[in-house]
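Every read-out reported here was derived from the displayed coordinates using simple, explicitly stated rules and does not represent laboratory data. Model, not experiment: these values are computed from the prediction. In this analysis, Cβ positions are derived from the backbone assuming ideal geometry, glycine residues included, and neighbour counts consider all displayed protein chains.
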Amino acid sequence: MALKYVDEVSLQGKRVVARFDFNVPIKNEKITDTTRIDSALPTINHLLKEGVSKLILMSHLGRPDGKRVAKYSLKLVGDYLAAKLNTEVILTESATDGGIKQLLALPKVKVVLLENLRFHPEEEENDPEFCKILASYGDVYVNDAFGTSHRKHASTYGIVQYFKDRAYGGFLLKQEVQALTKITETPTRPFVAIVGGAKISDKIKTIERLIVAVDHLLIGGAMAYPFLKAQGKKVAKSLCSDNDFELAKKILQQSSAPKMVLPIDHIVADSPEGQAQSCTSIDIPEGMMGFDIGPKSVALFKEKLATAKTIFWNGPMGMFETEAFSKGTMDIARALADIKAFTLIGGGDSVSAINKSGVASKISHISTGGGASLEFIEQGELPGIQALKFGL
């Protein structure tokens, strides 16, 4: 069954309850990055322009663990939305506030923002009664929260059963699904994936899926060291758990292992705060730790990327937050911007790296969900999207 989106139906006069991802960073009572709210605006504006009678917005913020925590209130989000939409946005006391029904009955009320869903433990528990309460607010359900659609939570999964043939995806969800489907189903070749980050165990399923599908799999970041050690190279004090070492050995035994490209030189130091030094050898000197890929590795990776027509990147090439260890990640980011290929950044730290490099506008698609994008690549589907397609 095909997934339907908001632009394929008329929602005029309908009460729409919609899940977004407004999980934005807040510091000193200010939103420091509004990207997630901004990316929801096309769907919100479309719904209001369509003439919905009421728009009930839902989201979580932070990890309050089922308790009411003042710093995780959606008040600042509501204020920002009101300014952007040029309309009043009423924030409720809670997601299950007894006065919500009366509020929705008032003719002048158009946009309502439910207080943080995760103030209720029932949200993450996918509690049936909680799902029923949320569903009672609307005639139609819209999910535009790709970043949380890999969770079987009440607002992204359980709620859908109450909207048979009345559940739709938003524009952001549509972009994400279309972009990721290009990677999982019909990548134009050569297809090259770049995977970095700290642990193999965090991305083992992604690596196993990609190594079969790609023409080259470039491995950077701390993730490279267990693979190098498994090949008999010296990694000295570099991050390399026993578990990751064992996983690396298993992956290297697979028939697709020759597709893997590992660093051949490094930027090292004796500690994260230590002086950065160039290590021109594949072996890391005793007492040192690897913190970035070196210039020869960058050149090798660029060579593999040069002819690519599809590129997927998830995870930095080193500890890029520290200037001395950022060059490898920044060089790869800029290389991607210059290649005529479909380029997809799979959320998480890679997005921060692309933004820091200043080339974000030259990337074909930057995913809003790190965990969700990886799970989509692993499974080819997400629970929240599956629910939209088939109900429950």
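Worth pointing out:
- For Leu239, residues with placed amide H under 5 Å, excluding near neighbours: Gly290
- Among beta bridges from DSSP that stay inside the chain, the antiparallel ones total about 20%.
- Karplus-derived 3J(HN,Hα), 6.51/-1.76/1.60, for each residue of the stretch 261-268, Hz, glycine and proline x: 10, 10, x, 10, 8, 8, 10, 10
- Computed FRET value (nearest 0.05) for Ser241 with Ser278, which takes r as the C-beta separation and R₀ as 25 Å: 0.45
- Each stretch of four or more DSSP H residues adds -39500 (n - 2.57); spread over every residue of the chain, this sum gives -10000 deg cm²/dmol at 222 nm.
- Between Thr181 and Asp7, residue separation times 0.36 nm minus the direct Cα-Cα distance comes to 60.7 nm.
- In percent, rounded to a whole number, the relative contact order of the chain is 16, using alpha-carbon pairs under 8 Å and six or more apart.
- Cross-link pairs beyond the 27 Å C-alpha cut-off, checked among Lys152/Lys259; Lys27/Lys108; Lys75/Lys108; Lys229/Lys302; Lys14/Lys362; Lys30/Lys84: Lys152/Lys259; Lys27/Lys108; Lys14/Lys362
- Relative packing of peptides 217-226, 49-58 - highest average C-beta neighbours within 10 Å first: 217-226, 49-58
- Neighbours of Val9, meaning other residues whose beta-carbon lies under 11 angstrom from its beta-carbon, give a summed charge of -1 when Lys and Arg score +1 and Asp and Glu score -1.
- Lysines whose Cα lies under 16 Å from that of Lys203, excluding same-chain neighbours fewer than 8 positions away: Lys249, Lys250
- Cut-off 18 Å, label 7 Å out along Cα→Cβ of Asn86, residues of the stretch 50-79 by amide N: 50-52, 79
- Contour minus Cα-Cα distance for Gln231 and Lys30 (0.36 nm per residue): 67.5 nm
- In the structure shown, the pairs Lys4/Lys164; Lys199/Lys237; Lys132/Lys164; Lys4/Lys340 are assessed against 20 Å; a Cα-Cα span above that value is assigned to Lys4/Lys340.
- Straight-line cross-link partners of Lys101 among the aspartates and glutamates, defined as a Cα under 19 Å from its Cα and at least 8 positions apart when in the same chain: Glu88, Glu93, Glu115, Glu129, Asp139.
- All aspartates and glutamates inside 17 Å of Lys182 as judged from Cα atoms, apart from same-chain residues fewer than 8 positions distant: Asp215, Glu375, Glu378, Glu381
- For Glu93, the shell of other residues with beta-carbons less than 12 Å away shows a net charge of 0, using +1 for Lys and Arg and -1 for Asp and Glu.
- Candidates per trypsin sites (Lys or Arg not before Pro) in the stretch 79-131, loop by DSSP, up to 15 other Cβ within 10 Å: Lys108
- Across the stretch 336-341, coupling constants 3J(HN,Hα) worked out from phi with the 6.51/-1.76/1.60 Karplus curve, θ = phi - 60°, read 4, 5, 8, 8, 7, 8 Hz, and Gly and Pro carry x.
- Per-residue ³J(HN,Hα) for the stretch 215-226, Karplus 6.51 cos²θ - 1.76 cosθ + 1.60, θ = phi - 60°, Hz, x for Gly and Pro: 8, 9, 10, 8, 10, x, x, 5, 4, 6, 5, x
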